[in-house]
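S.K.: Dropping a structure here in structure tokens format, bear with me for questions.
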Amino acid sequence: MKITATPYELELRHPFTIAKFSRTSTPIMLVEISYEGCTGHGEASMVPYMGENIETASAFMAKLDLSWAKLPFDYDEIIAYLDSIAAGNPNIKAAVDIALHDLQGKLDNKPCFEYFGAEQTKMPVTSITIGIDTPEVVLKKVKEAGPCKVIKVKLGRDTDKELINTIRSVSDKPLYVDANQGWADREAGLDMVFWLQEQGVVLIEQPMAKENIDDNAWITERSPIPIIGDESVQRLADVEKAKGVYHGINMKLMKSAGMHEGYKMIRKAKELGMSVLIGCMSETSIGTLAGAALAPLCDWADLDGPFLTRNNPFKDPEFKDGKWVLSDLPGLGLKK
Ligand code: MG
């Protein structure tokens, strides 16, 4: 098995601002794993707040030895091995897991979504995210959101209502809201939840600090719309802890260490009666197609990587009627 890792700087179309920071590009590690004439592609999207970077990803890849891995891959065994290399690093673990799924699909001549029992008929529409910005830029972004039927808005500042009003002056699309832990007071937070519901908001992510379990649970208990844990829910073990604190979870492949554990998180959440939003980081077509392969198992999708970046090294996946279209090509269905 030949393994390569290549750094890539993925540029954002607009500087991306959420409650706590702003940035203009995202470092990516592109991983390729080749075997018997087939090559699987994976990516690690290393948004700064998750703590990984090109150096940590390179150090991880230098330790990676998959010569023992037999086909068909036993992903429980592979994830346990990746966790034995380092405790954290979910971004680069996801890159390896996604590359192996793409490779396995190509070797089996089977699209990845079929391994998970996913079907195009159940594909949810995907939202496109609008970061915190001036009203002029927000209006421009709403225009660019054209093909997406849902808009996700980043809140968590004192201009929250103004931002929603700006969007509502030009669009009546349903909204998802992400507070990114930006709300400090639960009573004010709950008032905001009711106001947002009146504005056509369908769900709200991570209202308060992830450590503040009691206040997040307090809002969830009283909220008329789903409250979703994102920063609170990283890997499989966190799903059970989110029960009773949130109505649902935001599963992202860059948190879950890839498709295998991401799938298990979706299954676990459903077992517990929780809903699932599948989200993403700034990702190329690799992460987007890997997410799309699992999205039909989820209630909502926020897979907007290709819309928000400008130098995707691959062809954008097909997008129709507000949804990603699963490809019948083997593996992820990636096109150069
Ligand atoms: Mg979020």
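The values are calculated or read from the model by the stated rules, or taken from the named source; none is laboratory data. Keep in mind the model is a prediction, meaning the values are calculated, not measured. Counting neighbours? That spans all protein chains shown, and the Cβs are built from the backbone with ideal geometry, glycine included. All accessible areas refer to the heavy atoms of the entire protein, side chains included, with ligands and DNA or RNA removed. Shrake-Rupley method; radii C 1.70, N 1.55, O 1.52, S 1.80 Å.
S.K.: 222 nm [θ] for the chain, helices only, -39500 (n - 2.57) per DSSP H run of 4+, per residue, to 500?
M.R.: Counting only the DSSP helices, I get -10500 deg cm²/dmol.
S.K.: OK, next. Within 10 Å, Cβ to Cβ, of S285, how many net charges do the neighbouring residues add up to if Lys/Arg are +1 and Asp/Glu are -1?
M.R.: Local net charge: 0.
S.K.: Next up: Once amide H atoms are built 1.01 Å from N in the peptide plane, which residues 5 or more positions from E231, or in another chain, come under 5 Å H to H?
M.R.: Close amide H contacts, sequence-distant or interchain: none at all.
S.K.: Within 12 Å, Cβ to Cβ, of K161, how many net charges do the neighbouring residues add up to if Lys/Arg are +1 and Asp/Glu are -1?
M.R.: -3
S.K.: Holding the Cα-Cα limit at 25 Å, pick out from K70/K252; K106/K149; K173/K241; K122/K270; K210/K255; K140/K161 the pairs that are longer than that.
M.R.: Table pairs above 25 Å Cα-Cα are K70/K252; K106/K149; K173/K241.
S.K.: On to the next question. If each residue of separation counts as 0.36 nm, what is the full-extension length gain between D321 and Q120 once their alpha-carbon separation is subtracted?
M.R.: 71.1 nm is the gain from fully extending D321 to Q120.
S.K.: Search the structure for amide H atoms under 5 Å from the amide H of F314, placed 1.01 Å from N in the peptide plane, and list their residues when 5 or more places away or on another chain.
M.R.: Hits under the 5 Å cutoff: S285.
S.K.: If you roll a 1.4 angstrom probe over the protein chains with everything in place, what fraction of the accessible area of the chain belongs to carbon and sulfur, to the nearest %?
M.R.: 51 percent
S.K.: How many nm separate the modelled label positions at A184 and I225, each set 7 Å beyond the Cα in the direction of the Cβ?
M.R.: Modelled inter-label distance: 2.4 nm.
S.K.: Below 8 Å between Cα atoms, with a sequence gap of 6+, how large is the relative contact order for the stretch 193-312 in percent?
M.R.: This gives 18 percent for the stretch 193-312.
S.K.: What do you get for Rg/Rh of the stretch 2-110 when both radii come from the Cα atoms and Rh is the Kirkwood radius?
M.R.: Rg/Rh for the stretch 2-110 comes to 1.02.
S.K.: Can you tell me, using C-alpha contacts under 8 Å and at least 6 residues apart, the relative contact order of the stretch 2-110 as a whole percent?
M.R.: Computed value for the stretch 2-110: 30 percent relative contact order.
S.K.: Cα-based Rg (one decimal) and Dmax (whole number) for the stretch 173-246, in Å?
M.R.: Cα only, the stretch 173-246: 11.5, 35 Å (Rg, Dmax).
S.K.: If you take all C-alpha pairs in the stretch 104-219, what percent of them are over 17 Å apart?
M.R.: That fraction is 61 percent.
S.K.: Taking just the alpha-carbon atoms of the chain, what radius of gyration and Dmax come out, in angstrom?
M.R.: For the chain, the Cα-based Rg and Dmax read 19.1, 59 Å.
S.K.: Give the accessible surface of the chain per residue, rounded to a whole number of Å², with probe radius 1.4 Å and ligands, DNA and RNA excluded.
M.R.: Accessible area per residue, the chain: 40 Å².
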